[in-house]
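For reference, the structure is listed below as structure tokens.
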Amino acid sequence: MDSDQLWLVLLVGIGGASGSIARYLFSGYFTTGDFPWGTFFVNATGSFMIAFLYFWGLNAGFLQPELRVAVFVGVFGGYTTTSAFSLETVSMISESQWGWAFGNIILNGGVCIVAAVIGRAAGLLMEGG
């Protein structure tokens, strides 16, 4: 790994740490009752912010490659992966790639839930055996 790649890895790590801390704080603050409001808050605000910064930065031209990596992969990766899913889906829709956008929604929404159900079953099986 060369020094440029190492620098990007460091930026992702710093961004990821700050995003994870923010997620922890906001999730804890907004989680009340039986519904995971904290997770919803983090996913909704992350989805808004990643799209806002991406499209604003794209048009304004201020997003340098290092900043993009630190913010989009690092901060938002630590804060919420739903934001990346949302941005990718909106980008496909804005480029009239309706089939890919629908597929992304089905795969990330449906298949990932099914994978979690299977993971739960496997975990419970391991617990019992």
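Measuring from centroid to centroid over Cα atoms, what is the spacing of segment 81-119 and segment 12-46 in Å?
20 Å
If I model a spin label at R68 and I113 as a point 7 Å from the Cα along the Cα→Cβ vector, what separation in nanometres do I get?
The modelled label-to-label distance comes out at 3.3 nm.
Please compute one quarter of the surface area of the Cα convex hull for segment 64-121 and express it in square nanometres. Walk me through the intermediate numbers first.
Numbers: hull surface 19.2 nm².
So the Cα hull casts an average projection of 4.8 nm².
Once the convex hull of the alpha carbons of segment 15-87 is built, what does its volume come to per residue, in cubic angstrom?
68 Å³
Starting from the alpha-carbon convex hull of the chain, give the projected area averaged over all orientations, in nm². Before the final figure, lay out the partial values.
Details: hull surface 44.4 nm².
Its average projected convex-hull area is 11.1 nm².
Using a 7 Å offset from the Cα along the Cα-to-Cβ direction at both I21 and M126, what is the distance between the two label points in nm, to one decimal?
Result for the modelled spin labels: 3.1 nm.
All of the numbers you see were taken from the coordinates with simple rules; none came from a lab. Only a predicted model underlies this, so the values are computations on that prediction, with no experimental measurement involved. Neighbour counts run over all protein chains shown; Cβ positions are idealised from the backbone, glycine included.
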